[in-house]
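Taking it in order: structure first as structure tokens, then the write-up.
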Amino acid sequence: MRFKQRIKQRNYRKIRLIPFTSCISCIICCFGMVVSAYGQPFKSVEQLAERRVPWLAPHLDFKTLAVSNSHNDQPSEKVQDGFELSSKNGRIVISASSASAAAMGLNWYLKYYCHRSMSHLGDNLSPVKTLPMIQKVVKVNSPFKVRYALNYCTLNYTMSFYNWKDWQRELDWIALNGFNVMLMPVGIESVWQKTLQKSGFTEKEITAFIPGPAFTAWWLMGNLEGWGGPMSKAMIAGQANLAKKIIARMHTLGIQPAIQGFYGMVPTSLKEKWPAARVKVQGSWAGGFTRPDILLPQDSLFGQMAAIYYSELKKLYGSDIHYFAGDLFHEGGTAQGIDLAKTARLVQRTLDKYFPGATWVLQAWQSNPKKELLQGLDKKHVLILELLGEHTTGWDTRKGFEGTPFALCPVSNFGEKAGNFGRLGYFAKEIYMAQHSAYHKLMQGIGIMPEGIDNNPVVYDMVAETAWRQNQVDPKSWISGYIQYRYGVTSPDLEQAWQIFLQTVYDSARVSPDGPPESIFCSRPDTSINIPSTYGSLKRHYDTALFARGVALFAKAENLSSDLKYSQTYQTDKIDFIRQKNANTGLVLFAKMLSDLRHKDIAQFKESYARFRKALLSQNALLAKSKFFRLSRWIRQASNFGENAADKALAIKNAKQQISYWGPDNNPKTDLHDYANKEWAGLLSSLYLQRWDGFYKYQLARLEGNAIQKKPDYYQMEVNWANGKPIGGHE
């Protein structure tokens, strides 16, 4: 079922623009400002308010605000961006130094005065009865130049099939949370298509390089090519048109796009066309995928292809681009025999030739970026994103990444897997330590880098807000405001429940950097399951009994507040917390089932599996109550992605492959299976249930002495499910 705010539909008055005289228009242009009839700058933020809070938009005035940081090196007093909130004549005045700051100012007023908010797991944006006035001017500044959003993987684990409506919402959320740089890899397929066409590649060779819509991220990171394809020309053109809209909207909202640069990644078929080219074969990646090759910039062909690439990129998306992403040797590959410093220097110089002064964005992940690579760069034009900033301290151990500007970014989620998780206290402390370290001048900002973002809104809210606070954030104090603006109300039960959550699922203990503990229901069945997915964990790092008490208090809160019964955000969180409690219980039920199996107690094994199966189906029924936890939502997005039957079928297949065996088709031992498992209604009751039923039948047959029963072939089950065939599957 879907929970909706019970509010009256109202017709809200929109601001009517009055034409300026040509003389006034000229004056405005001289000042580089576009204003409305009320003299308002930041028209894009005004339009954002009209989209999301039409009841508030007519009461807002926006003004420009000057901030200066030219002579201030003190970490606690840095000002890179800022806003002020005030009231005048019954109106809300937001003064800001940029469109990004203005949007954050709007969000600050919504959160801390109206007790309203927007998130990936529901909105609390209904009209307030009386518009709150601001009694004393509120001044908020950000000490960070860069407030960065999104991981390559977010593009696919959450956004593979986003349309323009979805992206408008996403960009509004990004803007409201003050992020001013965002990874924007949408539409790069078209750049590569045109680059390869002009480089003499055939259509067959091009489609063998470009992946399907659910696997773009790993292609751009140099991990694979062609998997999930071929993308049709219509699909590629559609993504390019979508990218143009996204980039245009980003510019108006003060969000700089970080676009994919040309760093030497080329199709493995290139060396067949140019056998003498200086190509470095990169071997294989996870799952057995063949990685694209690297064309070294010392080869003249590199310059030729880069010229085409950047030329086509400009034609498609313009030249107002100042950040470029792209990593050499991400998660493997080989740098043996390569002069890393020289290679990096030439890649950067090529970028600078076509986009002077642009910043090369690199991910600090595993051993990257290598020290030798950084030695060749003009570090003034480099930004390192420390992924997993809630666990790693490369900024410190590597002495500010050998003197390179950096930003701290938590990942917090892997594969968009379900799980309440986040190291709030630790990350807040780490930010403060970096700000006040010997490397504080190199610390350019903070960001969010989740592999999936439709989860744990508390994490993203706190990180975003941390970028606008001069002092260290204490989650235990901060959470009271969060409760108020997320649900619109507060209560002792909610407060106590959230304090328990901060001690358990959102605690600051040092744990393995695997993201949230996974659900046994989503695991490939076995008698010795340690991890559901190759890189995941079943281990709970917190007191599950204490967490269960927190869930009970949270659920109890709606008994004393009718508002919570109809609150989308509260009901969504309640389902999510109960889901986590049930997943924890599932581990206990699984352990009992294994014990009965080891003791060869047939009657008890039948009974314990029946309880486990019932719990799985109960979990399915719970999650079906929310649109945010249904398989059908993901499949519907994929179906709507294509414009014809063939494209729709490809998108749906991509969607199902990604969340089951991932790939490839020719490796039953792939270690990527279930990496993106989902505790979703519809998936639990289909693929996951049939896997567990297969396990039960096989184990029961063994206990009963039936040696004919074949062991389930889970890989084949998953492939069949992704291809829309009967699941079946036995070795």
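Values in this text are rule-based calculations from the coordinates and carry no lab data. Fair warning: this is a prediction, and the values are worked out from it, not measured in the lab. Every residue, glycine as well, gets a Cβ built from its backbone with ideal geometry; the counts of neighbours run over all protein chains shown.
Couple of notes before you dig in:
- Sequence-separation-based contact order of segment 636-731, relative, with Cα cut under 8 Å and 6+ spacing, percent: 24
- Net dipole in debye of the chain [+1 Lys, Arg Cβ; -1 Asp, Glu Cβ; about Cα centre; nearest 20]: 1660
- Net charge of Cβ neighbours under 14 Å - reference residue 45; Lys, Arg +1; Asp, Glu -1: 0
- With an a/c value of 1.5 or above and a/b larger than b/c for the gyration tensor axes a ≥ b ≥ c computed over the alpha-carbon atoms, segment 288-401 is described as prolate.
- DSSP beta bridges fully contained in the chain are about 35 percent antiparallel.
- Length-normalised contact order for the chain - Cα pairs under 8 Å, 6+ apart - percent: 13
- Exposure proxy order (Cβ contacts within 10 Å, fewest to most) of 409, 114: 114, 409
- A dipole drawn for the chain from +1 and -1 charges on Cβ atoms has a positive end, and of 265, 434, 121 the residue lying farthest that way is 121.
- Site pair residue 372 and residue 472 shows an inter-label distance of 3.9 nm when each label is modelled 7 Å from Cα along Cα→Cβ.
- When the listed pairs 43/63; 574/625; 145/371; 204/233 are checked against a 19 Å cut-off, the alpha-carbon distance exceeds it for 145/371.
- Local electrostatic count at residue 485 - Lys and Arg +1, Asp and Glu -1, tallied over other residues with Cβ under 10 Å: +2
- Förster radius 22 Å - calculated FRET efficiency between residue 666 and residue 272, Cβ distance, rounded to 0.05: 0.55
- Cα gyration tensor category, rounded, prolate or oblate, for the chain with a/c compared to 1.5: oblate
- Shape call, segment 436-514: gyration tensor on alpha carbons, a/c limit 1.5: prolate
- Short-range pairs are left out: with C-alpha atoms under 8 Å and at least six residues apart, the relative contact order of segment 149-469 is 18 percent.
- Theoretical ellipticity at 222 nm over the chain - DSSP helices of four or more residues, -39500 (n - 2.57) apiece, nearest 500: -13000 deg cm²/dmol
- With 18 Å as the limit, the listed pairs 539/627; 648/669; 417/627 have 539/627; 648/669 beyond it between alpha carbons.
- Under 5 Å, built H, 5+ apart or other chain: amide partners of residue 447: 148, 408, 409
- Given 476/565; 245/353; 314/399; 194/245, the pairs whose alpha carbons are separated by over 29 Å: 314/399
- Summed side-chain charge close to residue 663 - residues other than residue 663 whose Cβ falls under 13 Å, Lys, Arg +1, Asp, Glu -1: -2
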